[in-house]
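Computed from the coordinates by the stated procedures, all read-outs in this text should not be read as laboratory data. The model shown is predicted, which means the values in this text are computed figures rather than measured ones. In this analysis, Cβ positions are derived from the backbone assuming ideal geometry, glycine residues included, and neighbour counts consider all displayed protein chains.
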Amino acid sequence: MDGRHFVPQSLTLPAGKKVRLTVHNHARLPAEFESYDLSREVVVPPGGTVHIYVGPLKPGKYHFFNDFNPAARGWIVVDDAKQESQP
Amino acid sequence: MTGTAIVVFREVLEAALIIAIALSASRGIERRGIWVIAGMIAGLIGAGFVAGFADELASTLQGNGQSIFNAGILLVATAMLAWHNIWMKSHGQQLAAHISSVSSQVSDGSRPLLALAIIVAAAVLREGSELVLFLWAIAAGGAREGGMAVGAVIGLVGTLLYRGLLRIPVRHFFNVTGWLVLLLAAGLAAQAAGFLNQAGLVPALGTNLWDTSHILSQRGITGQLLHILVGYTARPSGIEVLFYLVTLTAIFSAMKLVSSHHRKLASGS
């Protein structure tokens, strides 16, 4: 991410699995990766990298944003496809 | 500017409310003001350091340093609140008598004051360091005004809570603050659980156990206040609920135990 954008803006993750997200801040200003949907809140210092564990999640859409610049938004789509194909 | 004001408000609100509750709960203990101010100063210095070393903190422990640090601070605050409440169970009546008579000296008052200072320092440290980083981020954007006004509003919220609590009759006063501290401690423990889960150290035990965000959103002012005061979470994970209940039960049973022990001593002599 930089100050105003998340790259990529959307991610697709499998349902029912614990996933580690890696967030890198390319901007020269601190940012905070925050999500009400995921109950996550992590400050990402300028040039810094943090890891955030999420899930296991149910299928759905989860929004996140930069709390220090709420114009920066993104979302995670949790996909059920793999589980449906198993049985 | 409005966005700035809201974030500043949110970050400082928790510290203000915790200080208000800590001040109320320590009513009647001598020289608590000095300890609260010492706690605030220590917290502010700490916040400056944390903000300054945010990069190092974030990159330690495989990029989980910050979450673990936050969880640690919250657990320290929880422990101190718990300890304060348990201490109050054996000294509360003495304090209540002291407040209503304003005659006898309360002895043995310095130990809970250290706990009080640590609670205040922890609250200021956690919220303060985030605030410093946030203000740094927006200062570059040129939106600087508003911060002072927000600070004043939050000061007012804290003062209102404190004044409101002081209106409670002395006989019930420590009961009410005791419950407040108990719920506050449980809420902080649940937040700590969230941070530990975020760092991958504890399992989620089910995400979004329930979702009441359409009834009472955590983003609104009511939801925010309840989140801080009693640990309301619109979409909690299993581990947060577990930490909440365990903390609540543990402190409550310890309080009951001390209280009945104390009564036995009083009736025996």
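Tabulated results
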{"item": "Two-site FRET efficiency, B:L114 against B:S90, from Cβ-Cβ distance with R₀ of 22 Å, rounded to 0.05", "result": "0.85"}
{"item": "Residues with amide H under 5 Å from that of A:R40, placed H, sequence gap 5 or more", "result": "A:S35"}
{"item": "Summed side-chain charge close to B:L161 - residues other than B:L161 whose Cβ falls under 15 Å, Lys, Arg +1, Asp, Glu -1", "result": "+2"}
{"item": "CD proxy at 222 nm, helix term only [per DSSP H run n ≥ 4: -39500 (n - 2.57); per residue of chain B; nearest 500]", "result": "-27000 deg cm²/dmol"}
{"item": "Residue-span extension gain [B:V153 to B:V170] - 0.36 nm each, minus C-alpha spacing", "result": "3.3 nm"}
{"item": "Three-way shape label, chain B, alpha-carbon gyration tensor, a/c 1.5", "result": "prolate"}
{"item": "Residues B:K264 and B:W136, FRET efficiency given R0 of 56 Å [Cβ-Cβ distance, rounded to 0.05]", "result": "0.50"}
{"item": "Amide proton proximity set for A:I76, modelled H, under 5 Å, gap of 5+", "result": "A:L11, A:Y62, A:H63, A:F64"}
{"item": "Phi-based couplings in Hz for segment B:196-202 (Karplus 6.51, -1.76, 1.60; Gly and Pro marked x)", "result": "5, 5, 4, 7, x, 8, 10"}
{"item": "Computed Rg/Rh of the protein assembly as shown, alpha carbon atoms with Kirkwood Rh", "result": "1.01"}
{"item": "Förster-model FRET efficiency, 35 Å R0, A:A71 and B:L205, C-beta, rounded to 0.05", "result": "0.50"}
{"item": "Under 5 Å, built H, 5+ apart or other chain: amide partners of A:E32", "result": "A:V44, A:D67, A:F68, A:N69"}
